[in-house]
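**Q** Structure incoming, see below.
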Amino acid sequence: MLRTTVGCVGVEDRDEEQDDEGEEDLRDGGVPFFVNRGGLPVDEETWEQMWRHVARIHPNGDTIGKRIRGASDLPKIATPNVPTFQPATSIPQRLEAIQKYIRDLQYNHTGTQFFEIKKSRPLTALMDIAKEMTRESLPIKCLEAVILGIYLTNNMPGVERFPLSFKTEFSGNHFCHIVLGVHSGGRFGALGISRRDDLMFKPLEFRTLADLVQEFEGAYRGYWHTLKKVKIGQYVSHDLHSVEQIDWKHSVLDLDKLTKEDLRRELEKHTRDMRLKIGKPAPPSPTKERKSNMGSPLRNPGSPMRRNSRTERRPSGEKKVVDPKPPTDINGYQIRV
């Protein structure tokens, strides 16, 4: 029920496998962590494994675990409330409230990630996990924060969201981190969680994507980390029931091979690609009742087109030809059974 993962610590050959975890660690050497695959409530085996892992990674070893588990007067932890908004609440204020909620959940230092996030899952499955996060109110890591941020901004059609991940190097080791990039009103920002205050939330005030990336690069320099790679995904659909997969790395930029001007051009190109996606409609996910229907589904103009959409895989020969409207139909409506 547990899987050990090392957050981008190791040789270059394991780069892609480790980058997919989206784990961020700013300590020298990195620390392995476990993923709870048994769901919630946590089963006994996972629970004991978590405490054994805490004893290994915490400076006080077994003492910290025994002190907490043996205490009978532990303070009650307040459960943060999911933010709600009035219609007049501005987009920047909403994003700040969402970031506060994510931060109030707190960063997970236990060494065991409580929610299993598989990047290959469809969006609707990941949104179900996000709902569970709001119910359980447990500490989270950076990849979980990205999924939660997508869920909490789904009802904000004026805000586009995209994954933004970083790979850095410090003292010969590699470290990974991921945030949720946001774009609205011609400005960029970010939502997320980290051990470091300047590696998560960025207000909606950066004119270009390059400016946002440079802001994170400057923060990493403050911790003596060298930014090596930047991975940027496409805009995520606002359809909670979409069966599409999130495009996590539409652009992979190797900073060792790019000058600053080259990097800016690549980021501008990616920005144009994301804008083009908005203008291309994609079909909504079929309901259970309609899965056996081979006709073309209705299109939702608010959802971006994806490479793996169900419509693109459907043979064109299966589309039903609609007869012309009769001249007596003055209202322009037809009933299809």
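**Q** Quick one: THR89 ticks every box in (1) assigned to a loop (DSSP other than H, G, I, E, B); (2) hydroxyl-bearing (Ser, Thr, Tyr); (3) open to solvent by less than 30 Å² (accessible area, probe 1.4 Å) except a single one, so which number is it?
**A** Unmet condition: (3).
**Q** If you check LEU148, LEU126, LEU152, which single one turns out to be more than 28 Å from HIS58 (Cα to Cα), open to solvent by less than 10 Å² (accessible area, probe 1.4 Å) and of a type in the set (A, V, I, L, M)?
**A** After ruling out the rest, the residue left standing is LEU126.
Yes/no per residue for (1) under 16 Å from HIS270 (Cα atoms); (2) more than 21 Å from the chain's Cα centre (by Cα):
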| site | (1), (2) |
| --- | --- |
| PHE216 | no, no |
| TYR220 | no, no |
| TYR223 | no, yes |
| VAL236 | yes, no |
| LEU240 | no, no |
| LEU253 | yes, no |
| ASP256 | no, yes |
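**Q** Right, another one. For the structure I just gave you, tell me whether GLY172 is out of contact with any His (no Cβ under 8 Å at 6 or more places or on another chain), open to solvent by less than 40 Å² (accessible area, probe 1.4 Å) and at positive phi.
**A** It is false that GLY172 is out of contact with any His (no Cβ under 8 Å at 6 or more places or on another chain), open to solvent by less than 40 Å² (accessible area, probe 1.4 Å) and at positive phi.
**Q** Next question. Yes or no: the range 210-231 includes at least one residue that is open to solvent by less than 40 Å² (accessible area, probe 1.4 Å), under 19 Å from PHE85 (Cβ atoms), out of contact with any strand residue (DSSP E or B) (no Cβ under 9 Å at 6 or more places or on another chain) and at pLDDT 95 or above.
**A** There is no residue in the range 210-231 that is open to solvent by less than 40 Å² (accessible area, probe 1.4 Å), under 19 Å from PHE85 (Cβ atoms), out of contact with any strand residue (DSSP E or B) (no Cβ under 9 Å at 6 or more places or on another chain) and at pLDDT 95 or above.
The values are calculated or read from the model by the stated rules, or taken from the named source; none is laboratory data. Bear in mind the structure is a predicted one, so any value in this text is a computation, not a measurement. Please note: Cβ atoms are built from the backbone with ideal geometry, for glycine as well, and neighbour counts cover all protein chains shown. When the accessible area is computed, the model is the full protein with side chains, heavy atoms only, and any ligands, DNA or RNA have been set aside. Shrake-Rupley method; radii C 1.70, N 1.55, O 1.52, S 1.80 Å.
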